[in-house]
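Okay, structure first, notes after.
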């Protein structure tokens, strides 16, 4: 018995297939389907009817070919070649042909990215159609080159004992015809397969010739499959029609793309739903909404499917929509998102190829694929074997790997572990100091640069002292993270540095498997791809760049295998993967222009005109268009009761409107008998959708897929109503979300005309937090002068920085400049060493007589200090360092010149340098420094370091050297509370030395500051001014009132702008000014 059953819907073919299997219930039967899932589903349906099924063998066509050919392949010592190995062998053929000068037409493009990938596809197609090199010569110049490449490729297959798909089919055909494959004698059922290549057709023919009972099913519009099976089985196709009144879905199946006769007039019904959404994201949300509605009506998730023509565009959007809606989904292999492990390995190979590039290593770190810490950089004693995956390989399961999103809290990593959930603890923006120019040069440069970075961070801490607690804490954390970075990165970089220049594929694969094991958190999928290349082990030598080129495409788009069973979940797949399957409801998004249909292109290596001259089996543009249309037929056929079609109305990428594709228009023509007017069609599609342009929520709140949509839908309806009708409509938001309630109340309070705790720190006398805040009063806790200066700028900034110790976000700085803290540290170190040396040589004060000698000594000291810094810090770009050092030399000489030319030069003798108090001890401090804070007359405790103290007749003068810009406004005593260092340091010096201070000054000792000196007298008025300022600040802390009240323009450069927002100056003007009396009084002190 031989039959060829065709139908427009899946039901007719499925029923015929089930009847065929029922005839042989007590025999072994062979099922050949387009996918294994289709064969399994058919057998499952039989089991549900009869209770059990035995003796049914299920294969795809290529899997069955391997079963038929396996004995011959083993006897010939051949190994299966598939996947990425085919690309690698094609790349090798290109290399050998170029080396021998056999390429003429393709010579100029043979080394371009993607050429070998295109060649692998073309050669595979040629071999599957049994095209001989002599036939290609008829195709002109490109055909001659392809003939040489085909000969080289085939020769490599024979020499290395490899069998590609063409070899497998050829051996399978021979085995069947010689009677070696007993399964070919069983009754055979071909379920919706379409053999398109010559060898596939010949294999199918050989199978059918051995069995007396054969049935094939095909879609009525699949002309290619019907022609092949009608010839093989020598039968006339039997069309199965539904014995009921035709629905809109039936009419769509029968009349889509039909041009022989016009479809009869009819109307739409519930079996086809045509909608549109604003964009692809909202389209996926509408799908989720419809799935929830269908589930409420009794349709289970596993009876619904979403078919994607463009999975790269729609899959992540669907995944997000389903997550929001709480819908479980099964994403097939074709719709899984790329596995980051493959890209991580490629980034490391690029790092090795580009002389250990830091940017490439940063790319690897950014993928979050670092394994949990064991022995960093040490390859395992034995790399676990992982089987290759694909139809040509045995159906072996990968070793268990942790599913995405699984909790890793118990993975053995502690609080100090360098790797947390695949992410390395590393300093923020560390790569800015390890740019390519800094690390190119090998492993030694990496070691020196990372050590230099650690020393630079410690130098910054020394420069800060304790004047800036948040910054100090941040730098200490960065040092700890840098240690983690060194612990993890250096062994890995050393491994990359030891990779060979050239090696055989076997040697490369051994090293790459070790690299994957030590550098990738879940390497199973990567190891599976590498296992595909094992048959090429004897080929070589090949370079690292050849290896990268061969595996790049496969590892970049490496897909994660579907996890778990599909039942109980919505089926999401590409359209070809649904062949032979059926679902109650099928969703088909993306019938918009440029999405479905996609543009079809000719093969660039063998154009259609040349293909026609070579063989009739090679597909041309007409064939590609026919196959693209067949996808729509296939999608419509898989729907049992309803087909949901949609398209996006906007192309957000190009910022333009998008219309339905002509496929969508033909769908409606097939159903209604006429092509609808475009404007009317778009209006109808909009009316059937809940999607709204400019508002990410449905029109009806009841159909929202999550809380956010529901809230936005409620708000949308409220905004369209008069205020009198909506009072209290949003009250539920305050009750359901305490965080939102707090946020809204705080926002209202901040704009209200009275002060509240939302305006910063505003404690009442009974508030328990007030007692804690009083522990940070100026009389109870030591502060630096720098910290106190922030109070007058904005009390809340002072609180965030010095009380809460909130760290400001780091900003990326230009590599063309030395880090400001490093520059300041270097300059102050030079000043300290210079003044100390001049003092020991009795050359202080510097005068006209010893000016030249002081400059000479200054140059010597600068060279000594910068050499130490250079050796310790190992600067990233030497030219930047040298340029900055010369600028420092210029500033240093200018500072000495200003000292010599000062009117009071010679009257004051420098005596103390870097006199520190309340800071950790260090070599660059005055011997009279003390570790404890200094208690000032007003009772406050101060810490810091005074750059220089000079003495005259028992009196002292304090100098604070500045390397930045000069103050924008003149000052008398404390500069409106923002310049406290001169007077506070004067009182600290008096307390430390027991001498009376008569003057304090700010000395801008660089060209940037114009070498300007700002002098502050030490007298009763200045002492009263600093006393009043201290009391005002302390009383504000004691009262628990530190509001966000910035002075004018202060928010423009505040580190905490993101905390308060951009409107603090405007809000403050709405508040009662009486509460700011203390702050205003402070700002009035000049």
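The values are calculated or read from the model by the stated rules, or taken from the named source; none is laboratory data. Just so it is clear, the model here is predicted, and its values are computed rather than measured. Backbone-built Cβ (ideal geometry, glycine too); neighbour counts: all protein chains shown.
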- Note on the structure: Checked 164, 158, 178 against criteria (farther than 24 Å from residue 620 by Cα and within 45 Å of the chain's Cα centre (by Cα)); the one match is 158
- Item | Which listed residue, of 637, 689, 661, is under 35 Å from the mean Cα position of the chain (by Cα), closer than 20 Å to residue 257 by Cβ and surrounded by 16 or more Cβ atoms within 10 Å (Cβ to Cβ) | 661
- Query: So which residues in the range 697-754 are in contact with a helix residue (DSSP H, G or I) (Cβ under 6 Å, 6 or more places away or on another chain) and surrounded by fewer than 11 Cβ atoms within 10 Å (Cβ to Cβ), if there are any at all?
  - Reply: 753
- Message: Looking at the range 489-505, I want the residues that are assigned by TED's automatic domain parsing to the domain that holds residue 443 and in a helix (DSSP H, G or I) and have a partner that is surrounded by fewer than 17 Cβ atoms within 10 Å (Cβ to Cβ) and at pLDDT 90 or above with Cβ atoms under 6 Å, at least 6 apart or on another chain. Which pairs are those?
- Response: none
- Note on the structure: Over the range 673-693, the set of residues without any contact (Cβ under 8 Å) to a residue 60 or more places away in the chain and part of a loop (DSSP other than H, G, I, E, B) is 675, 676, 677
- Query: Which residue, of 887, 882, 872, is within 43 Å of the chain's Cα centre (by Cα) and within 17 Å of residue 1006 (Cβ to Cβ)?
  - Reply: 887
- Item | Pairs, first on the phi > 0 side of the Ramachandran plot in the range 298-320, second at pLDDT 90 or above and assigned to a loop (DSSP other than H, G, I, E, B), C-beta under 9 Å, six or more apart | none
- Task: Determine the pairs where a residue that is more than 23 Å from residue 962 (Cα to Cα), located within the range 937-949, has a partner that is in a strand (DSSP E or B) with Cβ atoms under 8 Å apart, the partner being 6 or more residues away or on another chain.
- Result: 940/783; 941/783; 941/934; 941/935
- Query: Which ones in the range 1042-1070 are touching a strand residue (DSSP E or B) at 6+ places or on another chain (Cβ under 8 Å) and either without any contact (Cβ under 8 Å) to a residue 40 or more places away in the chain or assigned to a loop (DSSP other than H, G, I, E, B) (or both)?
  - Reply: 1044, 1045, 1068
- Message: Being within 23 Å of the chain's Cα centre (by Cα) and at pLDDT 85 or above is the requirement here; does residue 527 meet it?
- Response: yes
- Message: Scan the range 162-172 and tell me whether some residue there is touching a residue at least 40 places away in the same chain (Cβ under 8 Å), more than 18 Å from residue 125 (Cα to Cα) and in a strand (DSSP E or B).
- Response: no
- Scanning the range 989-1021 for residues that are crowded, with 16+ Cβ neighbours inside 10 Å and part of a loop (DSSP other than H, G, I, E, B), which turns out modelled with the highest pLDDT? 1018
- Just one of 90, 65, 76 is under 30 Å from residue 121 (Cβ atoms), surrounded by fewer than 21 Cβ atoms within 10 Å (Cβ to Cβ), in contact (Cβ under 8 Å) with a residue 40 or more places away in the chain and touching a helix residue (DSSP H, G or I) at 6+ places or on another chain (Cβ under 9 Å); which is it? 76
- Query: Consider residue 923 against the criteria (1) more than 18 Å from residue 993 (Cα to Cα); (2) in contact (Cβ under 8 Å) with a residue 12 or more places away in the chain; (3) outside any helix (DSSP H, G or I); (4) under 54 Å from the mean Cα position of the chain (by Cα): it satisfies all of them except one. Which criterion is unmet?
  - Reply: (2)
- Message: Just checking, does the range 964-972 include any residue being touching a helix residue (DSSP H, G or I) at 6+ places or on another chain (Cβ under 7 Å) and either at pLDDT below 95 or more than 30 Å from residue 772 (Cα to Cα) (or both)?
- Response: no
- Give 873, 915 a once-over and let me know the one that is modelled with pLDDT of 90 or more, over 25 Å from residue 1010 (Cβ atoms) and crowded, with 21+ Cβ neighbours inside 10 Å. 915
- Exactly one of 113, 133 is surrounded by fewer than 18 Cβ atoms within 10 Å (Cβ to Cβ), under 17 Å from residue 605 (Cα atoms), touching a helix residue (DSSP H, G or I) at 6+ places or on another chain (Cβ under 6 Å) and not assigned by TED's automatic domain parsing to the domain that holds residue 195, and that residue is 133
- Query: Of everything in the range 534-550 that's out of contact with any strand residue (DSSP E or B) (no Cβ under 7 Å at 6 or more places or on another chain) and in a loop (DSSP other than H, G, I, E, B), which residue is surrounded by the fewest Cβ atoms within 10 Å (Cβ to Cβ)?
  - Reply: 538
- Query: What are the residues in the range 209-229 that are part of a helix (DSSP H, G or I), in contact (Cβ under 8 Å) with a residue 60 or more places away in the chain and in contact with a strand residue (DSSP E or B) (Cβ under 6 Å, 6 or more places away or on another chain), if any?
  - Reply: 226, 229
- Looking across the range 669-686 at residues that are over 22 Å from residue 250 (Cβ atoms) and surrounded by 11 or more Cβ atoms within 10 Å (Cβ to Cβ), the single one that is farthest from the chain's Cα centre (by Cα) is 678
- Message: Among the residues of the range 56-103, what is the count of those that are assigned to a helix (DSSP H, G or I) and either closer than 24 Å to residue 537 by Cα or assigned by TED's automatic domain parsing to the domain that holds residue 552 (or both)?
- Response: 24
- Task: Among residues belonging to the range 551-578 that are under 24 Å from the mean Cα position of the chain (by Cα) and part of a helix (DSSP H, G or I), point out the one that is surrounded by the most Cβ atoms within 10 Å (Cβ to Cβ).
- Result: 551
- Query: Got a sec? Which of 829, 852, 858 is under 47 Å from the mean Cα position of the chain (by Cα) and part of a helix (DSSP H, G or I)?
  - Reply: 829
- Identify the single condition in (1) over 42 Å from the mean Cα position of the chain (by Cα); (2) outside any helix (DSSP H, G or I); (3) within 30 Å of residue 962 (Cβ to Cβ) that residue 764 does not satisfy, given that it satisfies every other one. (3)
- Note on the structure: The correct count of residues that are outside any loop (DSSP other than H, G, I, E, B) and out of contact with any strand residue (DSSP E or B) (no Cβ under 7 Å at 6 or more places or on another chain) in the range 304-352 is 23
